[in-house]
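The values are calculated or read from the model by the stated rules, or taken from the named source; none is laboratory data. Owing to the predicted nature of the structure, the values given are computational and were not obtained by experimental measurement. FYI the Cβ positions are ideal-geometry reconstructions off the backbone, even for glycines, and counts take in every protein chain you see.
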Amino acid sequence: MLQFVLALLEAQATFFSQGHHRATSTQQYRGELGVQLDRMVLEGARKQRDMEQRHAGLRQQVVGGASGEAAPGAPPMQGYLYKRASNAFRTWSRRWFSIENNQLVYIKRARDPPTVLMEDLRLCTVKSCPELERRFCFGVLSPGRCCVLQAVSAVQQRRWMGALQSSITSAFSGGGDPDALPGPHEDPSGHWVLDTVLRVPGNGTCCECREPGPAWASVNLGITLCIQCSGIHRSLGVHFSKVRSLTLDSWEPELVKVMCELGNSALNRIYEARVEEMGVKRPPPGCSRAQREDWIRAKYVHKQFLPRPLGAPLRLHPPPPAPPEAEPPPPSLHPGALLYWGARRRRLLTMAEALAHGADPGWANGAEGNSTPLLQAVMANSLLASEFLLQNGASVNQSDGDGRGPLHHATLLGHTGLACLFLKRGADINAVDAEGKDPLSIAIDLANADIVTLLRLAKMKEMDTGQGQTDATFLDVFRDISLMASDHPEKLTRPHSKSSTL
Ligand SMILES: [Zn+2]
């Protein structure tokens with residue numbers, strides 16, 4: 001009996017040891033397979049990026065070819081358009097339009113000096129206007145005005161809109177021929193940041209002492225500073241002001257756009273609302289450090305010049321350029337709720353005002369499942385509002401009542417640009433919600449290939465596969481998606497979704 005048991009044990013031991021031996025022999029193969037899979041994911045991401053770039057290049061060529069652009073130096077597009085007057089009569093007149101030096105200009109008669117319709121195409125967007133009674137209309141919108149134009153045919157309308165769009169793109173990437181000049185794609189630390197940010201109204205002089213040519217910025221406030229004032233801002237601590245060089249530091253495209261949305265004039269309307277009324281004098285350029293420090297501390301630490309109470313109409317000149325259709329915030333919101341309200345509507349200036357009044361970026365709205373301002377910005381698919389909140393101390397991992405943080409929500413809503421932003425800012429990819437799902441499993445369930453790729457790349461980065469080339473590819477892919485989210489959000493949206501990430 002014992003002999004039989006012993007024989008059985010022997011046989012089992014032999015079986016298991018042989019099995020173990022076989023399994024061990026496949027270890028090398030399994031390791032190789034894992035490496036191969038990693039490489040394939042990376043290759044896939046790189047190929048997708050190359051295809052995107054090639055596609056963008058081809059589209060540019062098609063647009064260029066269609067507009068008849070042949071001679072170098074010629075305006076990218078010119079021709080007759082009907083322009084709707086902005087007065088009460090809304091009359092239409094025919095004018096010769098052209099795009100020159102990133103401006104949209106027109107002339108009434110030959111030899112007339114050109115009239116500039118849109119001073120800076122970088123700040124404009126173009127959209128078709130199918131709701132108008134006339135056909136082939138499109139609108140060019142800048143923060144301050146909206147201009148409606150009519151082309152003579154559908155083809156012309158498409159050409160004009162394409163030409164304006166590519167002018168906007170090339171203006172943002174440094175102007176001129178996007179193939180010839182290093183734009184933000186090639187040179188994220190070049191002077192394009194300085195040039196872009198200084199073009200915003202009021203940014204040409206220091207926000208505090210008005211010294212011309214500021215080369216520094218406070219990124220959470222969205223203002224430009226001279227070197228002396230930047231030193232004092234830095235001394236306040238990052239809770240008040242995050243100082244960065246416009247020429248020496250590297251800049252993410254979304255942060256540059258946030259800077260363009262805010263600017264010295266807009267921020268001073270909030271932070272200096274009562275300066276005139278109080279009779280306080282601004283420190284002049286070249287003044288003493290003590291003078292500067294008194295002013296800057298009074299303005300940002302003691303907040304002495306803020307309008308009171310919160311939300312009170314700003315009696316100031318020039319008046320803030322609010323679009324007429326802009327909905328005013330409901331009265332008597334406390335700062336946290338105003339920040340939440342502004343984030344949902346992508347209203348950066350309202351958010352800046354709420355923050356000036358001490359809004360907590362981590363305020364959770366108990367009435368809406370503990371949602372936060374950052375989660376509201378995700379709902380609104382707003383890259384800029386999200387970036388602005390992150391710069392002002394919002395936590396990238398703060399979750400709502402369902403245990404879902406910004407990365408969960410961006411994944412659920414299919415907002416690739418936002419998912420990329422949160423990953424860059426250190427979002428926890430392993431965080432699970434109340435249902436026990438992490439962002440990757442949500443993305444797989446929703447079959448969102450872009451976000452699955454991003455999250456896989458982030459996971460691989462986390463595991464630190466440790467190859468120099470791999471790291472470069474991660475950075476490349478993340479940078480490309482950031483740029484795309486910032487410049488061409490439509491490329492990141494799935495065909496059935498019409499939202500844009502700005
Ligand atoms: Zn200054």
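Overview of values
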item: Identity of the residue in region 225-246, in contact with a Ser or Thr (Cβ under 8 Å, 6 or more places away or on another chain) and of a type outside the set (D, E, K, R), that ends up nearest to Cys207 (Cα to Cα); result: Leu225
item: Flag for Ala322 being surrounded by 12 or more Cβ atoms within 10 Å (Cβ to Cβ), at pLDDT below 85, under 24 Å from Glu254 (Cβ atoms) and hydrophobic (A, V, I, L, M, F, W, C); result: yes
item: Test result for Leu418, within 26 Å of Ala367 (Cβ to Cβ) and touching a residue at least 60 places away in the same chain (Cβ under 8 Å); result: yes
item: Counted residues, region 8-49 - those being without any contact (Cβ under 8 Å) to a residue 60 or more places away in the chain and closer than 17 Å to Leu454 by Cβ; result: 4
item: Cβ-Cβ under 9 Å pairs, at least 6 apart or on other chains, region 74-96 side more than 16 Å from Lys108 (Cα to Cα), far side among the aromatic types (Phe, Trp, Tyr); result: Met77/Phe97; Met77/Trp160
item: Breaking point among (1) surrounded by 10 or more Cβ atoms within 10 Å (Cβ to Cβ); (2) among the aliphatic types (A, V, I, L, M); (3) without any contact (Cβ under 8 Å) to a residue 40 or more places away in the chain, for Val5; result: (1)
item: Leu390 being over 27 Å from Leu267 (Cβ atoms) and not hydroxyl-bearing (Ser, Thr, Tyr); result: no
item: Members of region 375-410 that are under 14 Å from the mean Cα position of the chain (by Cα) and assigned to a helix (DSSP H, G or I); result: Ala377, Val378, Leu383, Leu384, Ala385, Ser386, Glu387, Phe388, Leu389, Leu390, Gln391
item: Residues of region 190-211 that turn out to be free of Cβ contacts under 8 Å to residues at least 40 places away in the same chain and within 13 Å of the ligand (Cβ to nearest atom), as a count; result: 1
item: Residue within region 206-218 that is surrounded by 15 or more Cβ atoms within 10 Å (Cβ to Cβ), at pLDDT 50 or above and touching a His at 6+ places or on another chain (Cβ under 6 Å) present; result: yes
item: Positions within region 212-242 being away from the ligand (no atom under 11 Å from the Cβ) and within 19 Å of the chain's Cα centre (by Cα), in sequence order; result: Ala217, Ser218, Val219, Asn220, Leu221, Gly222, Lys242
item: Flag for Val197 being modelled with pLDDT of 85 or more, hydrophobic (A, V, I, L, M, F, W, C) and more than 30 Å from Cys287 (Cα to Cα); result: no
item: Residue in region 247-255 that is more than 30 Å from Thr416 (Cβ to Cβ), surrounded by 15 or more Cβ atoms within 10 Å (Cβ to Cβ) and not hydrophobic (A, V, I, L, M, F, W, C) present; result: no
item: Residue check, Arg145 over 28 Å from the mean Cα position of the chain (by Cα) and at pLDDT below 85; result: no
item: Residue among Arg90, Arg135 that alone is over 28 Å from the mean Cα position of the chain (by Cα) and modelled with pLDDT of 85 or more; result: Arg135
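For every residue, the table says whether it meets (1) modelled with pLDDT of 95 or more; (2) among the hydrophobic types (A, V, I, L, M, F, W, C).
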residue	(1), (2)
Ala394	yes, yes
Gln398	yes, no
Pro406	yes, no
Leu421	no, yes
Gly426	no, no
